[in-house]
Amino acid sequence: MNSNLKGKLVMKFNPKVVYKRYYHEKELGERYNLTYKFVKNETKLIKKILEGHGFEQVHSSSSLFNLMWTCGTIKPLIFKSLFPFQRVNHFPKFDFLFLKS
């Protein structure tokens, strides 16, 4: 499930953790003390998936997190202040997702 690609850890999320207990899925998150935070929202599904993979929630004002999940626009200053190990569910300067029909 997890692999090392050019020295970086790659984590694949298993959606089955939402409705069943997969204790082996929690191992990586718990081993590395992975954390997440919600900003401007809280999504129950995302929370269940992350916690099912061993992530622990931190306060929305915390700067020590591995994953930040947010709705809406993120200020460029926030992107610039991220550490290399931190990830966000948005891309800079992209406020919307588009479909090309």
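Laboratory data are not the source of any read-out in this text; all were calculated from the coordinates shown. Just so it is clear, the structure is predicted and the values come from calculations on it, not from any experiment. Cβ atoms come from the backbone with ideal geometry, glycine included; neighbour counts cover every protein chain shown.
Remarks
- Percent of beta bridges antiparallel (DSSP, segment 22-88, rounded to nearest 5): 0 percent
- Cross-link pairs exceeding 27 Å between alpha carbons, from the set Lys20/Lys75; Lys48/Lys80; Lys8/Lys48; Lys20/Lys80; Lys47/Lys75; Lys8/Lys47: Lys20/Lys75; Lys48/Lys80; Lys20/Lys80.
- Residues Val39, Val10, arranged from fewest to most other Cβ atoms within 10 angstrom of their Cβ, appear as Val10, Val39.
- Remark on Val88: its backbone amide H falls under 5 Å from those of Met68, a criterion applied only to residues 5 or more positions apart or on other chains, H modelled at 1.01 Å from N.
- Neighbour-count ranking [beta-carbon atoms within 10 angstrom, fewest first] of Thr70, Thr43: Thr43, Thr70
- Ascending count of other beta-carbon atoms within 10 Å, so fewest first, for Met68, Met11: Met11, Met68
- Shown here for segment 13-94: trypsin sites (Lys or Arg not before Pro) in loop regions (DSSP other than H, G, I, E, B) with at most 11 other Cβ atoms within 10 Å, namely Lys20, Arg21, Lys40, Lys93.
- Working note: Karplus 6.51/-1.76/1.60 with θ = phi - 60° gives segment 40-51 the couplings 6, 6, 8, 9, 4, 5, 4, 4, 5, 5, 5, 5 Hz, where Gly and Pro are set to x.
- Spatial extent of segment 22-88: Rg and Dmax, with the Cα atoms as the point set, Å: 12.2, 38
- For segment 18-24, 3J(HN,Hα) computed residue by residue from phi via the Karplus equation (6.51, -1.76, 1.60; θ = phi - 60°) reads 5, 10, 9, 8, 10, 4, 5 Hz, glycine and proline entered as x.
- Based on C-alpha pairs under 8 angstrom that are at least 6 apart in sequence, segment 22-88 has a relative contact order of 37 percent.
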